[in-house]
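Chemist: Take a look at the following structure, please.
Any read-out appearing in this document is the output of simple, stated calculations on the displayed coordinates, not a laboratory observation. Computed from a prediction, not measured in an experiment: that's the story for all the values here. Because the Cβ atoms are built from the backbone with ideal geometry, glycine has one as well, and the counts that use them run over all protein chains shown.
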Amino acid sequence: MQRTGRSLPASMLLSIRDRRMQKANAAAHKTTVTTGTLVASYNVHKCIGVDRKFDPERTIRVIREIDPDVIALQEADNRFGDRDGLLDLLRLERETGLVPVPISATGKGHGWHGNVLLFKKGVVRDVHQIKLPGLEPRGAVVAEIDFDGSQTLRIIAAHLGLLRRSRSQQARVVLELMNSPDETPTLLLGDLNEWRLGNRSALNTLHATFGPQPPAVPTFPSNLPLLALDRIMANRHGMIAAVEAHDTPLSRVASDHLPLTAFVRLERISDNALMSPASQSV
């Protein structure tokens with residue numbers, strides 16, 4: 001079988017090198033970008049840590065560490081049976097101010113196919129629950145939130161499949177949710193399950209709308225991050241900054257994924273900040 005692009009070992013070596021560079025520059029980077037709306041994506045792995053302990057309280061502590069304005073959670077419900085939600089959402093609201101975007105739930109779960117989108121302040125204008133194609137049951141939550149009274153931001157919180165073909169199909173569905181690349185400022189948050197870079201990536205379809213993105217940040221596995229499975233993407237040039245893994249002693253053990261964070265600069269989503277894929281640097 002002919003192979004193209006980087007092999008997995010080469011990608012791992014590159015990730016290790018990039019992670020060392022990111023850590024070396026982290027202190028300087030955090031002093032330059034500390035303002036904006038803090039968004040995060042976190043696959044909580046059903047609240048089971050790398051120590052194999054089920055500990056929802058520990059998951060809440062990680063979210064409290066991050067202190068996000070918006071966070072997309074994946075695997076926040078049991079996958080089978082009644083798909084019970086695993087977190088104490090009332091406690092999470094008391095300790096962080098985060099409340100879930102309302103959905104039409106059919107069981108006891110917090111979210112849609114394990115996806116939960118939480119926010120601190122703003123007005124939810126519209127919510128849709130999207131069933132994604134593929135062999136596994138996967139979904140996305142799409143919400144339009146008015147944060148500052150004048151600008152609406154669309155957020156797509158998704159968890160893509162393990163199979164490359166399914167991810168390609170699911171990426172096309174994400175694009176179908178957007179009539180054109182400049183119609184509404186949009187963020188895509190989630191575990192996109194794609195470690196490949198370049199032409200072999202199942203996410204290449206997204207480039208037409210989201211354009212080239214900041215360098216992918218390794219988040220998996222949490223105790224030695226090598227693969228950039230989690231992503232935060234925007235369809236406007238300059239809208240997101242300081243994309244980083246939330247790497248702490250607690251987050252390294254609470255899930256097999258590290259949380260991914262970024263700052264969203266709402267002032268950059270006006271009409272004069274439309275993204276041109278050719279103008280966005282990687």
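Chemist: Binning at 5 angstrom from zero up to the longest distance, how are the C-alpha pair distances of segment 61-213 distributed in percent?
Modeler: In order of increasing distance, the bins hold 2, 9, 18, 21, 20, 16, 10, 4, 0 percent.
Chemist: Report the label-to-label distance for Thr35 and Leu162 in nanometres (one decimal), using points 7 Å from each Cα along the Cα→Cβ vector.
Modeler: Using points 7 Å along Cα→Cβ, the separation is 4.5 nm.
Chemist: While we're on this one: Given segment 104-154 reduced to its alpha-carbon atoms as identical point scatterers, what log10 I(q)/I(0) does the Debye formula return at q = 0.14 Å⁻¹?
Modeler: -0.42
Chemist: Oh, and also: Compute the label zone of Arg61 within segment 236-265: residues whose backbone N is under 18 Å from the point 7 Å along Cα-to-Cβ.
Modeler: 246-259
Chemist: Give, in nm to one decimal, the length gained when the segment between Leu224 and Asp51 is fully stretched (0.36 nm per residue of separation minus the Cα-Cα distance).
Modeler: So the chain would gain 60.9 nm between Leu224 and Asp51.
Chemist: Looking at segment 112-163, which trypsin sites (Lys or Arg not before Pro) are DSSP coil and have at most 14 other C-beta atoms within 10 Å of their C-beta?
Modeler: Passing both the DSSP loop test and the Cβ count: Lys121.
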